[in-house]
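The values are calculated or read from the model by the stated rules, or taken from the named source; none is laboratory data. Only a predicted model underlies this, so the values are computations on that prediction, with no experimental measurement involved. Ideal geometry is used to build each Cβ from the backbone, glycine not excepted, and the neighbour counts take in all protein chains shown. The area values use the complete protein model at the heavy-atom level, side chains included, leaving out ligands, DNA and RNA. Shrake-Rupley method; radii C 1.70, N 1.55, O 1.52, S 1.80 Å.
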Amino acid sequence: YFLEELVRMLIDDGAIDTRTRPWRLAAGALDSLRVPETLVGVLQARLDALPPAELRALQQASIVGAVFWPEALAQLDAAAPQALPALVQRGLLAHRPTSAFDQAEEYAFQHQLLHEVAYGTLLMGERREGHARVARWLAARVAGRDSEVLAVTAGHYERAGDHAPAFADYNRARRHA
């Protein structure tokens, strides 16, 4: 995974030109390039190189979870779903063929560590507000799916600091388990 992300970082930075076959290394591109020594460093470098709208969408998606839905993402930022195709093209996200919700698209981060790095770039207040919005979005979709969605909804309420509904949903999830 480290090598895959390193190659993607070099592509994003223009050091590798993928428009031709075989790919070509840009002349002199590696002379001034600093290569992070860790996977987290490579992932952070890739995030830092993203256009602002794409970075914002990825950060917002990380609040929803490692698997997320454009409709939930839109609750955090109405423009964010527009960046999803570009993030899939960059190999940061994957569009999933099926969804946990009827008539809803579903996406996933390419790797759990990428999800964690993106989430780690957010301020605590922004995380709390985002979790509150996602919890409300999920709560509206719980009906008839208690065993699947209640614990996830409760987790978002808990991370939002809204303990009463978190406790209630965890308790309901426990009864349905």
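Can you tell me which of (1) assigned to a helix (DSSP H, G or I); (2) surrounded by 14 or more Cβ atoms within 10 Å (Cβ to Cβ) is the one Ala29 doesn't meet?
Every listed condition holds for Ala29 apart from (1).
Residues in region 33-51: is at least one of a type in the set (D, E, K, R), closer than 22 Å to Val88 by Cβ and out of contact with any helix residue (DSSP H, G or I) (no Cβ under 7 Å at 6 or more places or on another chain)?
Looking for residues that are of a type in the set (D, E, K, R), closer than 22 Å to Val88 by Cβ and out of contact with any helix residue (DSSP H, G or I) (no Cβ under 7 Å at 6 or more places or on another chain), one finds at least one in region 33-51, hence yes.
Give just the number: which of (1) within 19 Å of Thr153 (Cα to Cα); (2) small (Gly, Ala, Ser); (3) not in a helix (DSSP H, G or I) does Ala72 not satisfy?
So Ala72 meets the others, but not (3).
Within region 63-73, can one find any residue that is out of contact with any strand residue (DSSP E or B) (no Cβ under 6 Å at 6 or more places or on another chain) and either within 17 Å of Tyr1 (Cα to Cα) or among the hydroxyl-bearing types (Ser, Thr, Tyr) (or both)?
There is no residue in region 63-73 that is out of contact with any strand residue (DSSP E or B) (no Cβ under 6 Å at 6 or more places or on another chain) and either within 17 Å of Tyr1 (Cα to Cα) or among the hydroxyl-bearing types (Ser, Thr, Tyr) (or both).
Looking only at region 42-62, count how many residues are aliphatic (A, V, I, L, M), more than 15 Å from His111 (Cα to Cα) and in a helix (DSSP H, G or I).
Matching residues across region 42-62 total 4.
Only one of (1) more than 21 Å from Arg127 (Cα to Cα); (2) open to solvent by less than 50 Å² (accessible area, probe 1.4 Å); (3) of a type in the set (A, V, I, L, M) is not met by Val35, so which one is it?
(2)
Residue by residue, here is whether (1) of a type in the set (Phe, Trp, Tyr); (2) touching a His at 6+ places or on another chain (Cβ under 7 Å); (3) farther than 20 Å from Leu58 by Cα holds:
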| position | (1), (2), (3) |
| --- | --- |
| Gly130 | no, no, no |
| Val134 | no, yes, no |
| Trp137 | yes, no, no |
| Val149 | no, no, yes |
| Val152 | no, no, no |
| Gly161 | no, no, yes |
| Phe167 | yes, no, yes |
| Arg172 | no, no, yes |
| Ala177 | no, no, yes |
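Quick check, is Gly161 at positive phi and either out of contact with any helix residue (DSSP H, G or I) (no Cβ under 9 Å at 6 or more places or on another chain) or not charged (D, E, K, R) (or both)?
Taking the combined requirement at face value, the residue satisfies it.
Among the residues of region 12-26, which ones are open to solvent by less than 70 Å² (accessible area, probe 1.4 Å) and free of Cβ contacts under 8 Å to residues at least 40 places away in the same chain?
Of everything in region 12-26, those that are open to solvent by less than 70 Å² (accessible area, probe 1.4 Å) and free of Cβ contacts under 8 Å to residues at least 40 places away in the same chain turn out to be Gly14, Ala15, Ile16, Asp17, Thr18, Thr20, Ala26.
Name the residue that is least open to solvent (accessible area, probe 1.4 Å), counting only residues in region 137-166 that are at pLDDT below 95 and among the basic types (Lys, Arg).
Step by step, filter region 137-166, then rank; the result is Arg145.
Hey, among the residues in region 44-59 that are open to solvent by 10 Å² or more (accessible area, probe 1.4 Å) and not hydrophobic (A, V, I, L, M, F, W, C), which one's nearest to Thr153 (Cα to Cα)?
Among them, the one singled out is Gln59.
In region 87-127, how many residues are assigned to a strand (DSSP E or B) and among the basic types (Lys, Arg)?
Summing the residues that are assigned to a strand (DSSP E or B) and among the basic types (Lys, Arg) in region 87-127 gives 1.
For the structure I just gave you, tell me whether Gly41 is buried (at least 16 other Cβ atoms within 10 Å of the Cβ) and closer than 21 Å to Val149 by Cα.
No: the conditions fail for Gly41.
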